[in-house]
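All remarks here apply to the structure that follows.
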Amino acid sequence: MKKFTGLKTRVFLIAFAFGFWLGCTKDNNKSEELKEIVNEEGETETVDTSVNKKSVGDSANDLLSDANYNELKLEVFYVKGFEPENATIENFENFLNSRLHKSQGISIEMKPMAYQGKETYTTQEIRALEDSIRTLYNEDKSLAVFGIFLDGEYAENTENGSVLGIAYRNTSFVIFEETVQSFSGQTFGPSLEVLESTVLNHEFGHLLGMVNAGTPMQTSHQDEEHGRHCSDDNCLMYWTAETGEGLINMLSGGSIPEFDSQCLADLQANGGK
Ligand SMILES: [Zn+2]
Ligand SMILES: [Zn+2]
């Protein structure tokens, strides 16, 4: 009896190991994730979504340069009641046009979605939400980016760390708009437009491979203690731009921070303007 169990276990382990090996091989060779979408002409087509499901920074060069993709299409969803200011989207468009080489243009489409009524979101839940609503994926020379302005807050917020946004895939970002709004309206504090624009541009900066995360550094300026951020406290990529408590202190001047010269040099060396 004992002998039998042992044999079964061994057979099971070998089968499991083989399955695991097969799984790895499959992933390494081809990781197509096909999805049926309705294109702009209203036709159903099958697209490979895996190119838009890579790590943050993996598409930095594709976003910055005109070589592989000469057009950028952004699909930005917002929960009703949590849409960004019109001025924020205009600032964002200017920001993109001033940094990215896209000879066929950059477009932003805003799409309302129903109130979610959720108090918190994990990154996993945001990925799942994206997978259920995203309609634009890379096609030929057109690069697609997905963004979402959410109600509720990030599940990993701490007492002094209210996360305002996250870049969580190579072409995906989220803005926790309800949290952003909760930090606006303070006397002498930054306007909602400035808060939103800073977080939005900062998260897109991560998609552009900043700092040292897909776009190689030309000089040493990574604040390693705070991960993929810049050591210049006036730079858009300074770590405090991502939490409400930090951003309120950073934005004393009331204007949207820009990339400092070291971040700009990195972006330009990787195909950007
Ligand atoms: Zn950041
Ligand atoms: Zn910088």
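The values are calculated or read from the model by the stated rules, or taken from the named source; none is laboratory data. Please read these numbers as outputs of a predicted model, since none were measured by experiment. Because the Cβ atoms are built from the backbone with ideal geometry, glycine has one as well, and the counts that use them run over all protein chains shown. Only protein heavy atoms, including side chains, enter the accessible area calculation; ligands, DNA and RNA are left aside. Shrake-Rupley method; radii C 1.70, N 1.55, O 1.52, S 1.80 Å.
Does the chain come out rounded, prolate or oblate by the C-alpha gyration tensor, with a ≥ b ≥ c the root eigenvalues, rounded set by a/c under 1.5 and, if not, prolate when a/b is larger than b/c and oblate if not?
Verdict is prolate for the chain.
Do the alpha carbons of any pairs in LYS35/LYS273; LYS80/LYS273; LYS35/LYS73 sit beyond 30 Å of each other, and which pairs?
Too far apart for the 30 Å limit: LYS35/LYS273; LYS80/LYS273.
Per residue, how much accessible area does the stretch 53-269 have with a 1.4 Å probe, in Å²?
About 43 Å² of surface per residue is accessible.
Counting Lys and Arg as +1 and Asp and Glu as -1, each charge on the Cβ, what is the dipole of the stretch 53-269 about the Cα centre in debye, to the nearest 20?
The dipole of the stretch 53-269 has a size of about 600 debye.
How big is the accessible area of SER255 in square angstrom, nearest 10, if you roll a 1.4 angstrom probe over the protein chains?
The accessible area of SER255 comes to roughly 80 Å².
Is the C-alpha gyration tensor of the stretch 76-205 telling us rounded, prolate or oblate? Criteria: a/c under 1.5 is rounded; beyond that, a/b larger than b/c is prolate, otherwise oblate.
Since a/c reaches 1.5 but b/c is at least a/b, the shape of the stretch 76-205 is classed as oblate.
Between GLU45 and ALA114, what is the label-point separation in nm under the 7 Å Cα-to-beta-carbon projection?
Taking the simple label geometry, ALA114 and GLU45 are separated by 2.9 nm.
For GLY165, enumerate residues with amide H under 5 Å from its amide H, sequence gap 5+ or separate chain, H modeled in the peptide plane.
PHE176
Report, in whole Å, the centroid distance computed from the Cα atoms of the stretch 229-273 and the stretch 127-189.
Taking the Cα centre of each part, the stretch 229-273 and the stretch 127-189 sit 18 Å apart.
Hey, what do the phi angles of the stretch 256-263 turn into as Karplus ³J(HN,Hα) couplings, whole Hz, using 6.51/-1.76/1.60 and θ = phi - 60°, x for Gly and Pro?
Rounded to whole hertz, the list is 6, x, 10, 5, 6, 4, 6, 5.
I need the calculated FRET efficiency for the pair GLU32 and GLU156, taking r as the beta carbon distance and R₀ as 35 Å, to the nearest 0.05.
That gives a FRET efficiency of 0.65.
Among ASP140, ASP66, ASP232, which one shows the highest mean-square fluctuation when the chain is modelled as a Gaussian network with alpha-carbon springs under 10 Å?
ASP140
Counting DSSP beta bridges in the chain, what percent are antiparallel, to the nearest 5?
35
What are the ³J(HN,Hα) couplings of the stretch 95-109, residue after residue, when phi is run through the Karplus curve with 6.51, -1.76, 1.60 and θ = phi - 60°? Round to Hz, x for glycine and proline.
Karplus values, whole Hz, x for Gly and Pro: 4, 5, 5, 7, 10, 9, 8, 9, 5, 9, x, 10, 10, 10, 10.
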